[in-house]
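Enquirer: What follows is a structure written as structure tokens; I'll ask about it next.
The values are calculated or read from the model by the stated rules, or taken from the named source; none is laboratory data. Only a predicted model underlies this, so the values are computations on that prediction, with no experimental measurement involved. Cβ sites come from the backbone with ideal geometry, for glycine too, and all protein chains shown count toward neighbours. Surface accessibility is based on the protein's heavy atoms, side chains included, excluding ligands, DNA and RNA. Shrake-Rupley method; radii C 1.70, N 1.55, O 1.52, S 1.80 Å.
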Amino acid sequence: MIIVGCSHGKHVSYRIAKKLKQKHSYLITGKFPDGELYIRLDAGVKNKTVVLVQSFYGNISDCIVEAVFASRTARELGAKKIVLLAPYFPYLRQDKRFHSGEAVSQKIMAGMIDKYFDAVYVMDPHLHRKNKLENIFKIRAKKLTANPLIADYIKKNIKNPVIIGPDEESYKWARAVAEMLGVESRILQKKRYSSYHVKVQLNKKIDLKGKNAVIVDDIISTGHTILETANILKKLGAKKVYCICVHGIFVDDALKKLNKAGIKVVSTNTIPSKMSKIDVSGMIASWLM
Ligand code: R5P
């Protein structure tokens, strides 16, 4: 087996390979003046299982082209099996045609991965209407979760926590983490009007006096879901409001807004940032064993 760190996967790929005691190599990438990508595999792949590690954030389109070109190249050079390991996998939220003429991005993206890879491992995928990776991909697909790591972080760092899920879909993280910790949890309701406009509501009162409210969700993008939720939690008397997410995308000035609101933000390193206090590489390695 050889673990290959693509441009947006190399922050975890080396540690994964080290834990697995497998060979590691970085994908060589570059950009031509016209914007085209240059891709080169730097190690022999003939008859090997190649695990390409790529997290799809930042320039997502370039990340996709890189992974597909690297996979196709590995295939041409005789790789036995090619696995995509995606700490963050994109385009899962557009899982239906909400308005006529729209691309169902999830389906198109999955079709592309099916064509170029033999298996795909995704960390905490955002699954909604299609709630299993097996219903999205035709190749072998495995879901990994950072929930035990999040529970462990809370246990070690936050006293008297009450876990809050900001919307109906967040129970897969919030409730699961609360159950691991044996503490109280509450799932709120959210209505999204646009990318930057959401309304969060509390359906049943909860007393947070003397408690630390910990919002647990899969993704922070613009941060508006968390800001809205935190406002409610502060009014309910929470001592402090924390937010722990798996994938910290933090677009634009999301982090600045969250910090200004006094919210303590922590994320895993599926997408690396200064908020990445939880390392997923050990857990990913154990799943690959
Ligand atoms: C959506 O349901 C996700 O779980 C997140 O709640 C959402 O992506 C967060 O987006 P934003 O930070 O832009 O409010």
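Enquirer: Where in the range 162-244 are the strands (runs of 3 or more DSSP E), entirely inside, with at least 2 residues that are over 24 Å from Arg129 (Cβ atoms)?
Expert: Here the list reads 212-220.
Enquirer: Can we say Ile82 is outside any strand (DSSP E or B) and away from the ligand (no atom under 16 Å from the Cβ)?
Expert: Here the answer is no, as Ile82 does not meet what is asked.
Enquirer: Residues that are among the polar types (S, T, N, Q) and more than 16 Å from the ligand (Cβ to nearest atom): does the range 193-200 have at least one?
Expert: No, the range 193-200 has no match at all.
Enquirer: Next question, about the same structure. Scan the range 203-216 and tell me whether some residue there is under 21 Å from Asp124 (Cα atoms) and either open to solvent by 20 Å² or more (accessible area, probe 1.4 Å) or not β-branched (Val, Ile, Thr) (or both).
Expert: The answer is no; no qualifying residue exists.
Enquirer: Cβ-Cβ distance below 6 Å, separation of 6 or more or different chains: which pairs start in the range 57-68 with a residue that is open to solvent by less than 50 Å² (accessible area, probe 1.4 Å) and end on one that is assigned to a helix (DSSP H, G or I)?
Expert: Correct list of pairs: Val68/Tyr116.
Enquirer: How many residues are surrounded by 21 or more Cβ atoms within 10 Å (Cβ to Cβ) and out of contact with any helix residue (DSSP H, G or I) (no Cβ under 6 Å at 6 or more places or on another chain) if we restrict to the range 69-83?
Expert: Residues in the range 69-83 being surrounded by 21 or more Cβ atoms within 10 Å (Cβ to Cβ) and out of contact with any helix residue (DSSP H, G or I) (no Cβ under 6 Å at 6 or more places or on another chain): 4 in total.
Enquirer: Restricting to strands (runs of 3 or more DSSP E) lying wholly in the range 8-76: which have 3 or more residues that are farther than 18 Å from Tyr121 by Cα?
Expert: Result: 23-26, 28-31, 37-40.
Enquirer: Further question: If you scan the range 226-237, which residues turn out to be surrounded by fewer than 23 Cβ atoms within 10 Å (Cβ to Cβ) and more than 9 Å from the ligand (Cβ to nearest atom)?
Expert: Asn231, Ile232, Lys234, Lys235, Leu236, Gly237
For every residue, the table says whether it meets (1) touching a residue at least 60 places away in the same chain (Cβ under 8 Å); (2) surrounded by 13 or more Cβ atoms within 10 Å (Cβ to Cβ); (3) on the phi < 0 side of the Ramachandran plot; (4) more than 15 Å from the ligand (Cβ to nearest atom).
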position: Glu102; (1), (2), (3), (4): no, no, yes, yes
position: Gln106; (1), (2), (3), (4): no, yes, yes, no
position: Met109; (1), (2), (3), (4): no, yes, yes, yes
position: Lys115; (1), (2), (3), (4): no, no, yes, yes
position: Ala119; (1), (2), (3), (4): no, yes, yes, yes
position: Lys130; (1), (2), (3), (4): no, yes, yes, no
position: Ile136; (1), (2), (3), (4): no, yes, yes, yes
position: Lys142; (1), (2), (3), (4): yes, yes, yes, yes
